[in-house]
Each structure stands twice: as C-alpha cells, then as structure tokens.
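Below is one structure; the comments refer to it alone.
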Amino acid sequence: GALSSNLDVPPDLETAIAAVLGDFLDAILLNREANPEAALELLERRSTRGALLPLGSIMPLPALTLNGDIESGKILGVAADLVRASSDLRPVLDALLGQVLVVKDRQAARQVLNDLNSKGVPANDVQTVKAVTLRGEVFHGSGLILAGSESKSTTLSRPRQRRELEQQISLSSQRLDQLKIGQDALDRQLSDLASEHDDLSKSLQAKNLELEEARKAYGQESVGLEQAQREAGWQEEKCANLEAEIDSAKKEVTQMEEQAGRLRNKLAEGDENLKAKAAQLAALSIDEYQSRASHWNTRCAVIERALADARARHTERKTGLEDARSAQALFRNRLEETGLNEQSDKAEKIELRRSELEVSKQIEEIAGLTDLTENALAAAESEQEKLLTSEGDSQQESNAIEHQYAQSRIALARRQEALESLKRRIEDDFGLVAFEYAEDVSGPTPLPIQGMVERLPLVTQLSAETEESLKRQRAQLRRMGPINPEAREEYKEVKERYQFLSNQVNDLIRAEADIHKVIIELDRLMEREFHSTFQAVEGEFRQIFHRLFGGGSARLVLTDPDDLTNTGIDIEARLPGRREQGLSLLSGGERSLTAAALVFALLRVSPTPFCVLDEVDAMLDEANVGRFRELLRELSQSTQFIIITHNRNTVQVADIIYGITMGRDTTSQVISLKLDEVSKVIA
C-alpha cells in the first residue's frame, strides 16, 4: 500500500510531516520479499514516475539526538519519534524523518540550525538535518528552504479522517440503535399513554353525559317544582277566594235566616191579626173583609214565595259551601302533596348537587390526569423529536460518507471510460501501429496495448505515383475542409423533428379555426336567446309593473344594444301621475315593488321550482300588499314561494305558517299551522 495510509500523524503535525515527506508521501511500500525491478518495469512501461520504499533494502540514517543545550521550548522533537507506525515501518521513518526536527516557527528553525553549526557538529551531518515548522516550511542544514502551501496534508490526513469517520459511523450506529430502542420504548409508552388518555377521555365523556343527564333531570325537576309552586299558589288563591265566598255566603245565610225569622214573626202576627180581623169580620160587611183578605192573602203568598226563594238560595249556598269545603280539603291535600313533593325535590336537588360536586371532583381528577398525560406525552414527543434530529444528523453524516464513496466510484468509472474512449479514438483515427523511436528521442512511450498493435512493413522511399496520389488527396482534403461525420444522422433527426412539429402546428391551426367557429356560433346562439328572453321578460315586466302600481308604465333598456354579450340592463319607470325617472330616484317601497315586478316577470317567463323572498313587503302599504298578494297567489300555481314576512295581510295568502319562538329553556321552537285546517280546529 501507500505510505500515507500506514502512518498515524497527530492532526497539528500533518502539514509539517507532509511538507517533509514531499514525493515520498504517496510512496508505495514493498514487502521485504518483493523485487523492486517488477515495479520499476511497470513504471517504465506506463511512462510515469513514482516513489518506491522496499522495506528489505532501506538503510536508515543514524537517529538525531537532542542535547540539553540545543533543546528549547520551541522545539517539539524529532519527526520520526512524533509519528506512529508499525514496527516494520520504523526503518522507513528513521530514513525519511530521523534527521528532521519539528519546531514551532521560522525563528526556532533558524536558531536550531545555527546552534548545530556553532556547537561544532560536522558540516556533513549538519547538511542532512532539516527543521520543519508547523506551517510546513522546511529549512535544510545546507541553507535550502522549501515553503508555500500544498494540498498533500489532506492526503496524509485521510487515514486519520477515515478512522475518525469509522469511529463516528460506529458511534452513530450505536447511538442510532440506542435511539431506536429509546424510540421503541417511547412509542410503547406513548401508546400506553394514548390508550390511557383514550380511557380517561371515554370516562370523562361518560361522566359528562351523566352530569348532563343530571343537569337535565335537575332542570326538569326545577321546572316541575316551579309549575307545582305556581299551581299551589293558584290553588291557595282560589282557596282564599272560596273562603271569602264562603264567609260572604255565611253572612248572607245569616241575613236570610234573620229575615226568615222576621217573616215568621210577621206571619205569626199576620195570623193573629187575621184571627182578629176574622173576629171583626163578622161585625163588618163581607165585601170589605173579602178585599182585605185578598190583600193579606196576596201579601202572604208573596212572603211565602220570598221565603221559598230564600230557602232555595240557602240550600244552594249550603251546597256551594260543602263543595267549597270539599274543594278546600282537596286543595289542602294537594298542597300537602305539593309540599311533600317539594321536600322530596329539595332532597333530590341536594342529592343532585352532591353528585354534581362528586362528578366535578372526578372531572378535576381526570383533568389533572389528562394534564399529566399530556405533559408526559409532550416530553415524550420532545424526546422523540430530539432522537429523530440526532438520527437525522447521523443519517446525514452516513449519507455524506456514502455520497463521497459513490462520487469516488463514479470518478473512477469516468476515468476508466475516458481511457477506453481514448483507446477507441486512437484505434479509429490512427490505428494501433508500432513505431520505432530513435535513441535520442525523448517523450511518452506508446500505450502498452498488446495484441492490438499492427506492425507495418518498413518503407524507406515512396514511389512517384504514391507521392502524386498523396499530393492530390491532400489538395482535395484542403478544398473539402473539415467534415462532420455525424451530419447525416443529425440531418435525419432534425428533419423528423421538423416534420413532427409542422404536423403539430397544422393540427393546432385547424383546432384554433374550429374553436373560433364554435365561439362564433355560441355568441350568435347566446345573442339570439338573450334577445328573445329579454323581449319576453320586458313584456311581462310592463304588465306586472302596471298591475302592482295600479297604473303607470315601466320598461327595460339595454345599455349597449350593439354588444349583447357585454351589455347591461337599466330600468326606467313612470309611476301614476309622475314623470319617467330612473330606479335610483324612487323611494324604498317603490324600488321594492319594482324589483318584485322584475322577479315575477322572470318567474313568468321561466318558472323555477321554488322562490325565497325575505321581507320584500316590509316597506309596502296595505294597497300595494294586496296587489302583491294577488300576484303571489297566481304565481304559486307553478312556483312554490317561501316568504319571510311580518305583514299580516301577506300571511293570509300562505297555505302553511311556521313560527319561531323561544321556550322557557332558551331553546328555539318551531310552530306550524295549516290555514286550510283552521276551520276544523275551531270546530
């Protein structure tokens, strides 16, 4: 192998050692058993130079020893001692680096060489000594200096870089394995946390459902309690009214009894008077007594009738009193039941509040567990991201190394292909012919391609015909000039490409013409249909406008009649008793009615399955609403109208009414009513 690949040089000494070794940096090491002649012949055949280091024949120079008075803080040591290599290469290191001192800078190098000269070291020994700085500047003992930057240190650093990269790859692989193991553990932990989170979420949902059901039950119970309280209040009020009526009835009965007693007394007095009058009757004339008797009989009948009425009223009042008392007892029972229900509702309410507190505590615990789970999950995700980042970095380093290796292989393949191409070009252009070279001619030797070289007969003199033919051929070549042997193939390719593109262009031209024809036909069709539709809508608009306003006239006007595809439409209206004016000069109600007329005209020309109108009649008076309602009834035969309105007159034309209201629990409720069933509901 090469010497550079077998040396272990510290990174800070790579530049200095590479400068000292020079051409021997890439020298080829030969085993002790190897014969250098074979390598020398190979170099000679390939016309190249190279350094050979036969381990069996190297004679190392005596190692340089440093005396105490020569050593200083700027001298790092002998280069052979600073470089690490196998024991077999020690003679090579002693021969190449045994007489080399590694110093820090130029001043130290000059000082070392001057000290050697001043200490009486033989000149021959001093001339073999070299001092090299860390920047790669080589000072020879003979006075020669080599300096400047060179890229050979990178070659010397390749073994170290390879080892470092192998170590990094090994560490990255180990780290990657550890990361994968950690990732698997984190994935399992994440899966467990996710399953636990799902269980907690399901439990939380179940608790939320229970809490919601409890709240709904509590709300229903609250509503029932409020209803019971209202009913109890109503019953208490009714009971109070009945008690007041009972008291008034008792007072009236007492008065009636008193009146009845007075009437009895009067009746008794009347009987006594009757008897007295009867006794006096005998002494009086019969006519007078008969008239008095009829008078008192009449009064007695009246009193008896009044007494009967009073007794009947008294009986009715007693019956009402009994009914009131039974109703009062019933109400009192219901009130007691309501109180018991209220107490049970309060107890149930307390129990629901207690369960709500428990559920809230469970929710808080679950939320705490969820937070812990989410924190653990976030930590796991961050750790996973770090691991993925580290794995990505390791993968990038591995990819970079693989890329460098692939680039090296590609470069080698390209060099081999270039060599093969050169061989083919030499064979095609010149033919592989063996030439004889004079001894004094220097230069590169022919390529060593055995078996392909043709040996031509040696010709010392050309014939006159051959010379004439050569001149003629050379003249023709000059007139013809350089040629392109691939012109025919290029011409065929260009011709085929031209024909293909020409066909494509012709197809595009024909397609463009066809598209222009279709566009023209579509424009004509659109203009014709637009014109016919505009005429129909304009006629219907005139009639509907006249009906809605009870007179007047209106018309639709094209802004650009010459270009129907880009024209706009204006509305010019003349209300009854007013001059013609534009739509912008009308009031809000007039504009609403005009817009409704246009919509109805469109529906007349092209009915749609349904039409939605949102408070179109908000600004209309009763007369206009009536005409608007009549048109709605006519058009509803072919179109279903959905109208949002607050006008009672408009509602009368509807078949079904939907009302939206908010209930006691703040939820929207929809109430529907079919007007054709109102009579049935009322009946």
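Values in this text are rule-based calculations from the coordinates and carry no lab data. These figures come from a predicted structure and were not determined experimentally. Note: ideal-geometry Cβ built from the backbone for every residue, glycine included; neighbour counts use all protein chains shown.
Values for this structure:
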item: Segment residue 461-residue 417, extension gain: residue separation times 0.36 nm, minus the distance between their alpha carbons; result: 11.9 nm
item: Where the Cα pairs of segment 588-640 fall when distances are cut into 10 Å bins, in %; result: 23, 59, 17
item: Packing-based order for 106-113, 569-576, 36-43, using average beta carbon neighbours within 10 Å, highest first; result: 106-113, 569-576, 36-43
item: Given charges at beta-carbon only (K, R positive; D, E negative), |dipole| of segment 358-409 in Debye; result: 340 debye
item: 14 Å beta-carbon shell around residue 495, net charge (K/R +1, D/E -1); result: -1
item: Two-decimal Rg/Rh across segment 458-597, once Rg and the Kirkwood Rh are taken from alpha-carbon atoms; result: 1.77
item: Whole-angstrom gap from segment 565-629 to segment 173-192, using each part's C-alpha centre; result: 74 Å
item: Computed lengthening from residue 265 to residue 638, 0.36 nm per intervening residue step minus Cα-Cα distance; result: 125.5 nm
item: Burial order of peptide ranges 590-600, 613-623 (average beta-carbon count within 10 Å, highest first); result: 590-600, 613-623
item: Radius, Kirkwood style, for segment 557-683 when every pair of distinct Cα atoms is counted (Å); result: 17.5 Å
item: Net charge over other residues, Cβ less than 10 angstrom from the Cβ of residue 186 (K, R count +1; D, E count -1); result: -3
item: Protection proxy ranking, peptides 468-481, 176-189, average beta carbon neighbours within 10 Å, highest first; result: 176-189, 468-481
item: Segment residue 667-residue 188, extension gain: residue separation times 0.36 nm, minus the distance between their alpha carbons; result: 167.8 nm
